[in-house]
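Okay, here's the structure, questions in a sec.
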Amino acid sequence: MSEELKNEQVEEVTDKTTVEEPETKPEPKTVTMTQEELDTLIGREKGRVKNKYADYNDIKAKLDEFTQAEEQRKQSEMTEVEKLQAQLQKFETSAKEAEEAKSKALESANKRLIKSEFKLLASSKDFGVRKDALDDAFVLADLSGVEVDEDGNVSGVQEALETLKKAKGYLFGVSDYVDPSPGQTETKREGSQEQARRKLQDLADNAKRTGRIEDKIKYAAFKKELGL
């Protein structure tokens with residue numbers, strides 16, 4: 001009985017005891033190669049890396065080329081736009097100058113037509129403006145209502161002359177503004193002096209308004225003629 005108990009205790013101790021075996025580590029492998037083999041390996045790796053980025057370099061070069069070409073195209077387009085703008089501005093300037101020249105020529109032609117029509121009608125029997133007063137009558141007349149149509153027909157001159165005759169009667173008929181000779185009535189003397197005074201004032205106003213030397217000369221000459 002005691003022998004069996006002893007055996008059981010020995011087995012129990014045996015079961016509880018573990019034996020640790022030493023860990024086996026793999027032995028490091030040693031690669032041996034010659035210097036020539038090492039250089040070959042390094043060259044092969046370099047070539048692989050170079051081939052890997054060969055496409056990238058080509059793509060980058062093409063992208064740079066495209067970018068440069070696009071920039072040149074834009075610059076070329078801008079140059080064309082600037083040329084077109086310059087040509088357009090030149091055409092607009094030429095058209096404007098031509099229109100201004102046309103307007104000036106038309107205005108000058110209309111003035112000549114109006115003056116010719118005015119003198120023709122003023123010297124007619126209907127109005128009888130004195131020949132020596134035609135230029136004065138033209139200057140003093142209100143021609144704002146006179147017009148010239150597209151066919152060159154002048155209208156409004158007759159109305160202007162009628163208004164002028166009422167305001168500047170001394171311009172019409174025989175000149176009698178000088179002192180009358182002995183035997184003329186005092187009434188005519190007074191009328192002549194009044195007409196002369198009015199004409200002198202009109203010439204003075206016109207010379208002051210225009211500032212032209214010829215108008216000033218007319219005023220001075222008439223003033224001298226009156227002995228003033």
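Looking only at region 112-128, filter to residues that are of a type in the set (A, V, I, L, M) and touching a strand residue (DSSP E or B) at 6+ places or on another chain (Cβ under 7 Å); which one of those is nearest to Gly156 (Cα to Cα)?
Among them, the one singled out is Ile114.
Within region 36-45, identify whether any single residue is more than 50 Å from the chain's Cα centre (by Cα), at pLDDT below 85, farther than 30 Å from Glu159 by Cβ and among the β-branched types (Val, Ile, Thr), and answer yes or no.
yes
Same structure, new question: Taking helices (runs of 4 or more DSSP H) that do not extend beyond region 123-228, which have at least 3 residues that are within 27 Å of Leu106 (Cβ to Cβ) and modelled with pLDDT of 85 or more?
On the way: elements: 134-140, 157-167, 186-210, 213-225.
Answer list for region 123-228: 134-140, 157-167.
Taking the conditions exactly as written (surrounded by 12 or more Cβ atoms within 10 Å (Cβ to Cβ) and assigned to a loop (DSSP other than H, G, I, E, B)), does Phe118 satisfy them or not? Before you say what the answer is, go through the steps one by one.
On the way: surrounded by 12 or more Cβ atoms within 10 Å (Cβ to Cβ): yes; assigned to a loop (DSSP other than H, G, I, E, B): no.
Answer is no for this residue.
Looking at Ala109, Ala105, can you tell me which residue is among the aliphatic types (A, V, I, L, M), closer than 21 Å to Gln158 by Cα and assigned to a helix (DSSP H, G or I)? Before you say what the answer is, go through the steps one by one.
On the way: Ala105 fails: closer than 21 Å to Gln158 by Cα.
That would be Ala109, the only listed residue that is among the aliphatic types (A, V, I, L, M), closer than 21 Å to Gln158 by Cα and assigned to a helix (DSSP H, G or I).
Which of the residues belonging to region 81-126 are of a type in the set (Asp, Glu) and over 30 Å from Leu171 (Cβ atoms)?
Result: Glu82, Glu92, Glu97, Glu99, Glu100.
The values are calculated or read from the model by the stated rules, or taken from the named source; none is laboratory data. Please read these numbers as outputs of a predicted model, since none were measured by experiment. Note that each Cβ is placed from the backbone with ideal geometry, even for glycine, and that neighbours are counted across all protein chains shown.
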